[in-house]
Every structure is written in C-alpha cells, then in structure tokens.
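Visitor: Got a structure for you, written out below as structure tokens; questions coming shortly.
The values are calculated or read from the model by the stated rules, or taken from the named source; none is laboratory data. Quick caveat: nothing in here was measured; it's all calculated off a predicted structure. Here the Cβ is made from the backbone with ideal geometry for all residues, glycine too, and neighbour counts use every protein chain on show.
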Amino acid sequence: METDSYCREIEAHLCRKNAGHLVRVAGPAFEMVAGWAETGIPLKVALLGIDRTVERRNAKGPGRRPLRVEFCEADVLDAFDEWRRAVGVGTAGGGTLRPGGAGEPAGEEARAKPSPSLRAHLDRVVTRLTDRVASGTLAGELERVVERLIIELGEARTASRSLRGEARAAFVARLDAIDDELVASARTVTPSDVLATLRLEAEQELIPFRGRMPAEQYTRAVEAATTNLLRDRLKLPEVGYSSGF
C-alpha cells in the first residue's frame, strides 16, 4: 500500500472512532504514520493499536476531546511488536520504533512489558472462547472443539497458581498443543478459497520484509501470518503462553 493511502486509511479509521469528528493526519502526525508504513507495520496491526487506545480512553467515560493519532503510537508499536514475535520477523528498517521518534531503533528490552500471570492469561482465554461460543457464529465442529477446551482450561485455572518447575513447563507445553489444535480445527472449517485469500493478504503484509528473509523463514512467516489473520477473522485467542508476553 502506498504511504499516502496508508495514512488516509488511518485518518478515516480515527474519524470513525471519534464519532465522525475529523482529525487530520498532517504535519508531524503524517511523518509519524508514514514512518509506520515505511517500517512495515501492517495496516490491520496499526488499526488494532489505535483501537486499544480508543478502548482505554472510552473506559474513562464520555465527554473527552477527539483522539489524535499521536496518542496512539505506543499502542500501535506494542501491537507491531506482538505481530513480529508471532510471525517471526524483524523490522524492515532494522530496529524497533519508539514513541515520539519515528524511525529510531531501540532494543527489545527497552520495550519489554511485564507479562500477565498464567492465571490471568487463562482467565482471558476462557472468557474469549466463551464469548465466541455464545455468539453462535462458530462452525459446528469448531464450536465443539472450543466447548471442550473451555472445560479443560476452566478446570486448570485454579491449579495453575501452584504450578512450579517441571509441572509448570509441562502445562505451558500443553497450552501450546491446545493452541495448535484450535488453529487446526479453525483451518478445517474454513473454506479453501477463504484460506487462499488470507494467505495472499499475509504475503502482502510481509512484502517489506521479504528481501531480508531466507526462503525457509519466509515460508514459516507466511504460515504464521495467515494463522494470525484466521485468528482475527474468527476472533479466537492465542492459547499458548509465553513469559515474554
């Protein structure tokens, strides 16, 4: 996507989130958003970051001024870091962007955030899976898998607090296996043409990084990015747990 189009999409999304109030992406704000595009932040990832800022602002109550894009940068960069870790790529520009200084590289440790506890992670996953079942929009086989996983994870929440050492490591490995099962089931119920479209979208997201990746790494990244898009389409959480996120 061209930089101008990218910035206009950001501007239009922010306008919708501001209940129709137009806040121009111009001047320093345009340079900041253009830096997102040049670094390779996918548009969907940038919009996710903006949505997080909006949700946090809205939680404080009505009557606030229209949100400017500058206040969304930290959440956009956090969302981008999460996407990069999930897909397995570095930044196109050779570093991680920092708030207030588009294009400035920074180490991963500088942007590291405390990870949620294992119990908090399980609470979030069970809540999201329960919401998906309640929506009634999951295909039959996927819905049955999700219902079974809700029971297993729900029973494990209390015990997760006391897990230590090898027992904890084994449980975390089980969460990875559950996530693999969830994704496999989601792929099974998704029409092949939809999966093909998601794969093309994943390849588009990875264009800024393609030239810096060996073929094998690129193939893995495309699969991971496709999975992310499928997860987003079906609103499924990531069950796997990492102490780094």
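Visitor: Within region 50-68, track down each residue that is in contact with a Leu (Cβ under 9 Å, 6 or more places away or on another chain) and at pLDDT below 95.
Guide: Thr53, Val54, Arg57, Pro66, Leu67, Arg68, listed by residue number.
Visitor: Same structure again: Quickly run through region 2-31 and pick out the residues that are hydrophobic (A, V, I, L, M, F, W, C), at pLDDT below 90 and on the phi < 0 side of the Ramachandran plot.
Guide: Leu22, Val23
Visitor: Also: Any residue at all in region 203-217 that's over 26 Å from Ala134 (Cα atoms), acidic (Asp, Glu) and surrounded by 14 or more Cβ atoms within 10 Å (Cβ to Cβ)?
Guide: Yes, there is a match, as at least one residue in region 203-217 is over 26 Å from Ala134 (Cα atoms), acidic (Asp, Glu) and surrounded by 14 or more Cβ atoms within 10 Å (Cβ to Cβ).
Visitor: Something else: Say we look at region 1-45 and pick out the residues that are touching a Ser or Thr at 6+ places or on another chain (Cβ under 8 Å) and not charged (D, E, K, R); which of these is farthest from Ala225 (Cα to Cα)? First the steps, then the outcome.
Guide: Filtering region 1-45 for residues touching a Ser or Thr at 6+ places or on another chain (Cβ under 8 Å) gives 34, 37-40.
Narrowing the set further to residues that are not charged (D, E, K, R) leaves 34, 37, 39-40.
Details: Ala34: 22, Ala37: 17, Thr39: 17, Gly40: 14 Å.
Among residues in region 1-45 that are touching a Ser or Thr at 6+ places or on another chain (Cβ under 8 Å) and not charged (D, E, K, R), the one farthest from Ala225 (Cα to Cα) is Ala34.
Visitor: Based on this model, can you work out whether Arg16 counts as in a loop (DSSP other than H, G, I, E, B) and either of a type in the set (Phe, Trp, Tyr) or not assigned by TED's automatic domain parsing to the domain that holds Glu203 (or both)? Write out each step before concluding.
Guide: Values: in a loop (DSSP other than H, G, I, E, B): no; either of a type in the set (Phe, Trp, Tyr) or not assigned by TED's automatic domain parsing to the domain that holds Glu203 (or both): yes.
The answer is no for Arg16.
Visitor: Of all residues in region 16-38 being within 16 Å of Ser5 (Cβ to Cβ) and among the β-branched types (Val, Ile, Thr), which is nearest to the chain's Cα centre (by Cα)?
Guide: Val33
Visitor: Can you confirm whether region 54-65 contains a residue that is of a type in the set (D, E, K, R), assigned to a helix (DSSP H, G or I) and either closer than 23 Å to Leu229 by Cα or touching a Gly at 6+ places or on another chain (Cβ under 6 Å) (or both)?
Guide: Start the filter on region 54-65 by keeping residues that are of a type in the set (D, E, K, R), which leaves 55-57, 60, 64-65.
In the following step, the residues that additionally are assigned to a helix (DSSP H, G or I) were identified as 55-57.
Keeping just the survivors that are either closer than 23 Å to Leu229 by Cα or touching a Gly at 6+ places or on another chain (Cβ under 6 Å) (or both) gives 55.
Yes: one or more hits.
Visitor: Another question, then. Answer yes or no as to whether Thr3 is farther than 22 Å from Pro237 by Cβ, in contact with an Asp or Glu (Cβ under 9 Å, 6 or more places away or on another chain) and hydroxyl-bearing (Ser, Thr, Tyr).
Guide: yes
Visitor: While we're here: Kindly provide the set of residues from region 130-189 that are in a loop (DSSP other than H, G, I, E, B) and within 27 Å of Arg233 (Cα to Cα), ordered by number.
Guide: Listed by number, the residues that qualify are Gly136, Thr137, Leu138, Ala139.
Visitor: Return yes when Ser243 is more than 18 Å from Ala86 (Cα to Cα), of a type in the set (Gly, Ala, Ser) and either assigned to a helix (DSSP H, G or I) or at pLDDT below 95 (or both) and no when it is not.
Guide: It is false that Ser243 is more than 18 Å from Ala86 (Cα to Cα), of a type in the set (Gly, Ala, Ser) and either assigned to a helix (DSSP H, G or I) or at pLDDT below 95 (or both).
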